[in-house]
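Engineer: Sharing a structure with you now.
The values are calculated or read from the model by the stated rules, or taken from the named source; none is laboratory data. If you're wondering where the values come from, they're calculated on a predicted model, not measured in any experiment. Neighbour counts run over all protein chains shown; Cβ positions are idealised from the backbone, glycine included. We work out accessible area using only protein heavy atoms, side chains counted, and drop any ligands, DNA or RNA first. Shrake-Rupley method; radii C 1.70, N 1.55, O 1.52, S 1.80 Å.
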Amino acid sequence: MTSLRALLLLVAFATATDLLPTSAQSASDLVDQGVRAYDELEFEAAAASLRRALRSDPGEDISIAAYGRALIYLGATEYYRGNPDSTEALFRRLVLFDTRQRPDPLVFEPGVTDIFEAVRRDTKSLTVVVPPRSDFRIEEGTLPVTLYASSFLGTLVEVFDGDSNLVRMVYDGPVSDSLVVTWDGLDSLGAPLNDGDFALTVTSRRPGGVSLRSTTFPLTLNTQRQDTLSHPEPLADSLFLPERTSGGQGFETLVGGLIIGGGVMLVPSIIAPNAELSGSRFFVGSAVSLAGIVGYFARKPGQIITVNVDANRELREQWNDRLTRVINENALRRSSVRIVIEAGPAEIVELRQP
Amino acid sequence: MTRCRSLAIVCLATLLAFSAQPLNSQGGLRFSVAGGGYYNSISIQDDGENQSLSGFSGGGEGSVAIGRLGLGLRYLEGSVSPSGSGTGADVVEGEAILSFRALQWLALKFGPRLRSTITSGVTERWVFWEGRVGTRARLGSPRVVGNLEFLLMLSGDVNTSESFNGGQGLRGRLSWELSELPLWIGLGYHIDRIKSRGGLRTEATEQLVLLIGIGRGARY
């Protein structure tokens, strides 16, 4: 009795392990094994291996390419096993899984490829490829979003922020075969975004407008910015020279001329009270006084001081040059903002039967 | 009395030197050389008698300045003739004056001045030590400057039997710098009055000066 129970357990274990690929025999190995069996026309064995491989989780236990290859070969196997409905179902599954993969007409006979083409025409599907990590400078690089359509489809590509607010509509238009659309990492106004979580959503639509499928990639956006320079301080009024004469300057000139001229004319009589002095002191004294009077009118209030005007203009021009240099440098620094976008695994939601 | 005045001038000079402010525009070495003509008018009162002489002299002056300090030299020679009858004389004059610009508008000066008068082969040579206080003003433009200078003869020696009893004077000048060239033109008036022989003799000398110079900013 004990022996019988042990035997049953052994059979059950063997059956269970036969259903799942073992670690020693990976899903890729099963695909290779199935393909070899297919090539040797051992369709039963090929179907068994390929079905076991297809139980794996694509992208994790098996690569996308290997998973698609398994679907193609299993579809062809079912075709030769006399199950065209299964072939059609497997090819539909292939088109929905990855529109980039298709049976090679050099490998498979036209009966197989014809079924696939018919399925592809009838099955509206879109495969979206986003690189897991993109690192680029604003205005220099972009995030590429590659769209592969099984047949003519309308497509809407949008970016949403963490609160599901639309940040940027990247593309709204048709895709007939494949198309690369790009997102520059900016919002609708062309401004850089703050760091945070975003979502890139690609919605495929029938030509009539009915949404078929939504593919959403979670995005984590990080920006690396250089600090901008502050603008130069405005020039203080004290740095500017007076551009027009004030009353004080003219007054000083007038008083200086009159004092010196008066001194020349009057003081000699005090120094030499009894001497017979010549009139030359009046000539020189008058000249000095007259120079003071002329200088007063030349510098009377409101007269433009050309030298000071030129000096002030030069000062302003130097300040403007400094400001321009800072503005240009800041523009350069702003344009050199680096954006790093990391994309997570896609989440696909079927909105309507394709 | 002369000693008291000298002491007062020294005290004033010291006070101004300590209160001096920086003269930003006068930091470098500056030169100036000029030549021109002097028209001399001499009025002598000697024990109640008056005599007038006049005539031209030619000469020149030069100056060098660095910072606040400067040195001025002047030399001229010529002759004067009496307005009426009498004997004329040859006149030679020279001076070397140190200056200290205490303020932008105020300078203190000190130095010797020599004056020789040759009459009929006899030379009377005076040596004066003078203190001067000068001021200046820019007249409208920085290139037009007026100067006024008062001088006091602190001492005087003569090679004859004359005795020195004091003297003072005044210098006034208008100078104009040309804008394109380092040239300047000066128009000046000088007057000195010397008392000698116990005040019985006074001699007032006026000069009308016309100069053309080269250089900027170092005129004294």
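Engineer: Would you mind getting the accessible area per residue of the protein assembly as shown, heavy atoms of the protein chains only, 1.4 Å probe, in Å²? The partial results should precede the final answer.
Structural biologist: On the way: 29770 Å² over 574 residues.
Each residue of the protein assembly as shown exposes 52 Å² on average to a 1.4 Å probe.
Engineer: Return the average number of partner chain Cβ atoms within 10 angstrom of each residue Cβ along peptide B:187-196.
Structural biologist: On the way: counts 6, 5, 12, 5, 11, 2, 7, 1, 0, 0.
Mean inter-chain Cβ contacts per residue within 10 Å come to 5.
Engineer: Another question, then. Let me know the volume per residue of the alpha-carbon convex hull for the stretch A:16-154, in Å³. Walk me through the intermediate numbers first.
Structural biologist: Values: hull volume 18.8 nm³, N = 139.
Hull volume over Cα atoms, normalised by residue count, gives 135 Å³.
Engineer: Hey, what's the Cα Rg ratio for the stretch A:219-354 versus the globular rule of thumb, 2.2 N^0.38 Å?
Structural biologist: On the way: Rg = 35.8 Å, N = 136, 2.2 N^0.38 = 14.2 Å.
Computed over Cα atoms of the stretch A:219-354, the ratio equals 2.52.
Engineer: Give, rounded to the nearest 20 debye, the magnitude of the charge dipole that the protein assembly as shown has about its Cα centre when Lys and Arg contribute +1 at Cβ and Asp and Glu contribute -1 at Cβ.
Structural biologist: On the way: 55 positive and 63 negative charges, 598 e Å.
Here the size comes out at about 2880 debye.
Engineer: Which residue, A:GLY250, A:GLY68, A:GLY173, tops the fluctuation ranking in a GNM of chain A built on C-alpha contacts under 10 Å?
Structural biologist: Among A:GLY250, A:GLY68, A:GLY173, the largest mean-square fluctuation in the Gaussian network model of chain A belongs to A:GLY250.
Engineer: Determine the share of the protein assembly as shown's accessible area contributed by carbon and sulfur atoms, expressed in whole percent, with a 1.4 angstrom probe. The partial results should precede the final answer.
Structural biologist: Numbers: 17200 of 29770 Å².
Carbon plus sulfur share of accessible area: 58 percent.
Engineer: Counting only helical runs of four or more DSSP H residues, what would the 222 nm mean residue ellipticity of chain A come to if each run contributes -39,500 (n - 2.57) and the total is spread over all its residues? Each step should come with its number before you reach the end.
Structural biologist: Values: 9 runs with 161 residues, N = 354.
After summing the helix terms and dividing by the residues of chain A, the value is -15500 deg cm²/dmol.
Engineer: In deg cm²/dmol, rounded to 500, what helix-only [θ] at 222 nm does chain B give when every DSSP H run of at least 4 residues adds -39500 (n - 2.57) and the total is split over its residues? Please report the intermediate quantities before stating the final value.
Structural biologist: On the way: 1 runs with 17 residues, N = 220.
So the calculated ellipticity at 222 nm is -2500 deg cm²/dmol.
Engineer: To continue, here is another question. Most fluctuating residue of B:GLN168, B:GLN45, B:GLN207 in a GNM of chain B with Cα springs under 10 Å: which is it?
Structural biologist: Answer for the Gaussian network model of chain B: B:GLN45.
Engineer: To the nearest Å, what is the center-to-center distance of the stretch A:269-333 and the stretch A:23-102, using C-alpha atoms only?
Structural biologist: If we compute the Cα centre of each part, the gap is 98 Å.
Engineer: Also, quick follow-up: Under the definition of partner shielding as Cβ atoms of other protein chains within 10 Å of a residue Cβ, what is the mean value for peptide A:281-287?
Structural biologist: Numbers: counts 7, 1, 3, 11, 5, 1, 8.
The mean count of partner-chain Cβ atoms within 10 Å per residue comes to 5.
Engineer: Compute from the Cα atoms of the protein assembly as shown the Rg and the Dmax, the latter being the longest Cα-Cα distance, and quote both in angstrom.
Structural biologist: 55.0, 177
Engineer: Here's another thing I want to ask about it. So which trypsin sites (Lys or Arg not before Pro) in the stretch A:159-257 are both in a DSSP loop and have at most 16 other Cβ atoms within 10 Å of their Cβ? Show your work: numbers first, answer last.
Structural biologist: Working: sites: A:ARG168, A:ARG205, A:ARG213, A:ARG225, A:ARG244; in loops: A:ARG225.
Sparse-neighbourhood loop trypsin sites (Lys or Arg not before Pro): A:ARG225.
Engineer: Now for a separate question. Considering only DSSP states other than H, G, I, E and B, which GluC sites (Glu not before Pro) in the stretch A:101-165 qualify as loop sites with at most 15 other Cβ atoms within 10 Å? Intermediate results must be reported in sequence, preceding the final value.
Structural biologist: Values: sites: A:GLU117, A:GLU139, A:GLU140, A:GLU158; in loops: A:GLU139, A:GLU140.
Here the sparse-neighbourhood loop sites are A:GLU139, A:GLU140.
Engineer: On average, how many beta carbons from a partner chain sit within 10 Å of the beta carbon of a residue in B:199-206?
Structural biologist: Working: counts 0, 0, 0, 4, 2, 9, 2, 9.
Per-residue shielding by partner chains comes out at 3.
Engineer: I would also like to ask the following. Give the distance, in whole Å, between the Cα centre of the stretch B:105-130 and the Cα centre of the stretch A:156-202.
Structural biologist: Each part reduced to its Cα centre gives a spacing of 99 Å.
Engineer: Need one number: buried accessible surface between chains B and A, 1.4 Å probe, both sides summed, DNA, RNA and ligands left out, in Å² to 100. Don't skip to the end; give the middle numbers.
Structural biologist: Numbers: alone 11370 and 20460 Å², together 29770 Å².
Buried area between the two chains comes out at roughly 2100 Å².
Engineer: Just how far, in whole angstrom, is the stretch B:166-220 from the stretch B:67-81 if you go by their alpha carbon centroids?
Structural biologist: 9 Å
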